[in-house]
Amino acid sequence: MNFNLALPVGTTLDRFIMRKEKDFPYATGELSQLLRDIALAGKIVNREINRAGLLDVTGAFGQQNVQGEEQQKLDVIANIRFIRALRNGGEVCAIISEEEEEIIQTGNTKGKYIVAIDPLDGSSNIDVNVSIGTIFSIYRRKSETGCDGTLEDCLQNGTQQVAAGYIIYGSSTMLVYTTGNGVNGFTYEPSLGEFFLSHPDIKTPATGTVYSCNEGGVNSFPEGIKNYLNYCKENGYSGRYIGSLVADFHRNLLKGGIYIYPSTAKAPNGKLRLMYECNALAFIVEQAGGKATDGNRRIMELEPTELHQRCPLVIGSTEMVDKVEAFMKSEVAV
Ligand code: P6P
């Protein structure tokens, strides 16, 4: 008898995780519990985002984060919520967060996992009700259990991820994640407090006609990127740029398209962070049949040297990313 391993739409996240647990080489239930902890924190953050206009949680917090960016109140709230959920869950020994300069030791010295997280990406859009998101990567620690997580545990390249995902707080709230066996999307039903499988086995189209890029900095873009953007316009592509990476990425993942944040004069290494933005989305897009590079090199093979290092990002439909690389190479050839 052939069992249909593709679980039906409507399966709860918990049941899905349990049924898929056997697909995961370290199926000891700890990663499953860690995914549940992240989903729980996402539900709590979702509630606070949805009420933001009614509570005094919109606007700036009055401090800057390690990136020198103005922290929004919800940035700080989301950071606290995810750190607390991961600390209380017990599976994570250390966390890298966009909102924290140093590695956060959870005290769970027996925890086998490291989490790199952007608790609330695109948060400057909160006050104008534009979709925002949480992005996370999960690694197994390399050091022995029984002590704090080490810098080496945290600075692993993207191919070492055991899971990655994002939560998009949009017209509906969705959790999209992979453990290396495909990508699945779950839609949150607030009245039941549950995520339900709504997008099983997501595959991104091989090509598309949407490009997402802030062209305000185009004068300082690499020539290859400039030439690719001109190619898009000459071929009648549509520019769609929300200013919220998770929202642009999610649309392109489902419909086909490309997101580009290249090196610019203001951001010579690009703006986005390797450890808790680019690697996670690169794992997801590759698992969905897409591609992610820095314009030349595979994102997941970039060797991290700093917790908050930035890298250029070209991510989305494979044929579109390949086209960018061709333009970048012809730039080099010139
Ligand atoms: P710019 C938000 O700050 C973010 O990290 C991404 O979500 C978004 O795509 C990008 O930066 C927007 O940056 O320079 O276009 O405002």
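The values are calculated or read from the model by the stated rules, or taken from the named source; none is laboratory data. Everything numeric in this text was worked out from a predicted model, so none of it was measured. All Cβ positions, even for glycine, are placed from backbone atoms using ideal geometry, and neighbour counts span all protein chains on display. These accessible areas exclude ligands, DNA and RNA; they are computed on the full protein's heavy atoms, side chains included. Shrake-Rupley method; radii C 1.70, N 1.55, O 1.52, S 1.80 Å.
If I ignore ligands, DNA and RNA and count only protein heavy atoms, how much of Y231 is accessible to a 1.4 Å probe, in Å² to the nearest 10?
Looks like 60 Å² after rounding.
Report, ordered by chain and residue number, the lysines lying within cross-link reach of K110, taken as a straight Cα distance under 19 Å and ignoring same-chain residues fewer than 8 apart.
K142
Relative to the present Cα-Cα distance, how much length would full extension add between R47 and E301 at 0.36 nm per residue of separation?
Extra length from R47 to E301 when fully extended: 87.8 nm.
Pick from A163, A265, A288: which is most flexible by mean-square fluctuation in a GNM of the chain where alpha carbon atoms under 10 Å apart are linked?
Ranking A163, A265, A288 by mean-square fluctuation puts A265 first.
Could you work out the relative contact order of region 210-333, using alpha carbon pairs under 8 angstrom and six or more residues apart, expressed as a whole percent?
31 percent
Pull out a ≥ b ≥ c, the square roots of the eigenvalues of the alpha-carbon gyration tensor of region 210-333, then state rounded if a/c is under 1.5, prolate if not and a/b is larger than b/c, and oblate in the remaining case.
In terms of gyration-tensor shape, rounded.
Can you list residues from other chains, or at least 5 along the same chain, whose modelled amide H is less than 5 Å from the amide H of L313?
Close amide H contacts, sequence-distant or interchain: Y261.
Output wanted: per-residue J couplings in Hz (rounded whole) for region 277-291, from phi through Karplus 6.51 cos²θ - 1.76 cosθ + 1.60, θ = phi - 60°, x for Gly and Pro.
Taking θ as phi minus 60°, the curve returns 10, 5, 4, 4, 5, 5, 4, 4, 5, 5, 5, 9, x, x, 8 Hz for region 277-291.
In whole Hz and in residue order, list the ³J(HN,Hα) couplings for region 164-179 that follow from phi through the Karplus curve 6.51 cos²θ - 1.76 cosθ + 1.60, θ = phi - 60°; x for Gly and Pro.
Those phi angles translate into 7, x, 9, 10, 10, 9, x, 4, 9, 9, 10, 10, 10, 8, 9, 10 Hz.
From the protein chains alone at 1.4 Å, what is the descending order of accessible area for F196, F61, F283, largest first?
Of F196, F61, F283, the descending order of accessible area is F61, F196, F283.
Can you pull the accessible area of K291 for me, 1.4 Å probe, Å² to the nearest 10?
Spelled out: K291, probe radius 1.4 Å, area about 60 Å².
Rounded, prolate or oblate: which fits region 8-199 when a ≥ b ≥ c are the square roots of the eigenvalues of the alpha-carbon gyration tensor, with rounded for a/c under 1.5 and prolate only if a/b beats b/c?
oblate
Using a 1.4 Å probe over the heavy atoms of the protein chains, calculate the carbon and sulfur portion of the accessible area of region 8-199 as a whole percent.
Summing carbon and sulfur atoms, their accessible area is 46 percent of the total for region 8-199.
So, counting K/R as plus one and D/E as minus one, what does the shell of residues with Cβ under 11 Å around K142 add up to?
Surrounding charge for K142 is 0.
Specify the residue with the greatest mean-square fluctuation among R36, R51, R298, computed from a Gaussian network of the chain linking alpha-carbon atoms under 10 Å apart.
So, out of R36, R51, R298, the one fluctuating most is R51.
For a Förster distance of 45 Å, can you work out the FRET efficiency between the beta-carbons of E223 and L192, rounded to the nearest 0.05?
Step by step, r from the Cβ atoms, then E = 0.30.
In nm, to one decimal, how far is the E234 label point from the A265 one, both placed 7 Å along Cα→Cβ?
2.6 nm
For a quick check, take a GNM of the chain with Cα springs below 10 Å and name the residue from T305, T293, T106 with the largest mean-square fluctuation.
Highest fluctuation among the options: T305.
List the aspartates and glutamates whose Cα lies under 15 Å from the Cα of K233, skipping any in the same chain that are fewer than 8 positions away.
E215
Need the list of lysines near K226 for cross-linking: C-alpha distance under 26 angstrom, and skip anything on the same chain fewer than eight residues off.
Candidates past the 8-residue exclusion: K255, K266, K271, K291, K323, K329.
Need one word for the chain: rounded, prolate or oblate. Basis is the Cα gyration tensor (sqrt eigenvalues a ≥ b ≥ c); a/c below 1.5 gives rounded, then a/b vs b/c decides.
rounded
Ranked from the most accessible area to the least, with a 1.4 Å probe and all protein chains present, what is the order of K110, K271, K266, K43?
So, going from the largest accessible area down, we get K266, K110, K271, K43.
Using θ = phi - 60° and the Karplus curve 6.51 cos²θ - 1.76 cosθ + 1.60, what whole-Hz ³J(HN,Hα) does each residue of region 144-153 get, with Gly and Pro shown as x?
5, 5, x, 9, 5, x, 9, 4, 5, 4
Arrange the peptides 129-135, 186-192 so that the one whose residues have, on average, the most other Cβ atoms within 10 Å appears first.
Descending packing order for the listed peptides: 129-135, 186-192.
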